[in-house]
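The values are calculated or read from the model by the stated rules, or taken from the named source; none is laboratory data. No experiment lies behind these values; they were computed from the predicted model shown. Cβ placement follows ideal geometry from the backbone for every residue including glycine, while neighbour counts extend to all protein chains displayed.
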């Protein structure tokens, strides 16, 4: 498969760098553009290989979206490795998680049913694989209307956790309500889930990445669709039922974040930087705020990054339409201040 590399000079010209902590984009590569719409990525390092998953469809919404998975040993050359599909269902927003025993990949995605572009139903799905190539058929999770957007494993108890939002929590649909619910769930096996906490976030909270830090705390990065539409960060200590919230100065889209080896946090999201319009932006993150680090080559319909730290570099998968159609990209970013333990 042919790949397109952007010159380092072009990449650096788009960087938004903090004077005291300069982030350097090492490379950016388009790794897939074969479908009419290629979007909503995630990235994992599993059994010494990179795997990148994303949705292929005819447009941003509607139709029968499928999940495609690419494979790479180093991040330089990518191979078409697997697809997941369900007839009559738009599979979208795929996310990877390695199971607590380290032996399997767990893939979470949403399953939406449309009439044209009109949403008629939604429910999460999951599939598992021991090699990333052969997957179990997608199985349903939770209840109709719930959207478990990303899951993560807590090393302290080896359980899965995730935050699910519901756009019609009291009526059951089909019309979206003015306020949406956001709840955390936990599971011992990734199959059967139990309610863990109710997150009191106003303004139609939705896409949420929940992670557990080395200090034992849980941190949630939340997108909001109403009000001022700016994001929020929540922090909780075990047993992760009481949350403290901080409003962010920026809106989010497809938010993700990672704890690096030195304990610092980096987030990725659709954001607005020095150039007009939305872009794929990386942020320096704390438990109470975000600051822009740099803007990856991007524009328009974009974001939804996967983040992996490997051999001293941050690997970022994302999608963008700045080159004419929504395509999948892989970037390598150097953060000089991050020291390996």
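Odds and ends about this structure:
- Strands (runs of 3 or more DSSP E) wholly inside the stretch 183-286 that include at least 1 residues being over 23 Å from residue 23 (Cα atoms): 194-198, 205-212, 218-224, 230-236, 244-251
- Exclusive hit being farther than 23 Å from residue 109 by Cβ and in contact with a strand residue (DSSP E or B) (Cβ under 6 Å, 6 or more places away or on another chain), set 162, 234, 227, 190: 234
- Close pairs (6 angstrom Cβ cut-off, 6 or more residues apart or separate chains): in contact (Cβ under 8 Å) with a residue 40 or more places away in the chain in the stretch 102-121, part of a loop (DSSP other than H, G, I, E, B) anywhere: 105/132; 106/99; 106/190; 114/62; 117/61; 117/62
- Residue in the stretch 53-64 that is surrounded by 15 or more Cβ atoms within 10 Å (Cβ to Cβ) and within 22 Å of residue 312 (Cα to Cα) present: no
- Check on residue 317, in a strand (DSSP E or B), touching a residue at least 60 places away in the same chain (Cβ under 8 Å), under 15 Å from the mean Cα position of the chain (by Cα) and surrounded by 22 or more Cβ atoms within 10 Å (Cβ to Cβ): yes
- Residue in the stretch 133-147 that is in a strand (DSSP E or B), closer than 26 Å to residue 242 by Cβ and at pLDDT 95 or above present: yes
- Filter pass, residue 174 being in contact with a strand residue (DSSP E or B) (Cβ under 7 Å, 6 or more places away or on another chain), loosely packed, with under 14 Cβ neighbours inside 10 Å, touching a residue at least 24 places away in the same chain (Cβ under 8 Å) and not in a strand (DSSP E or B): yes
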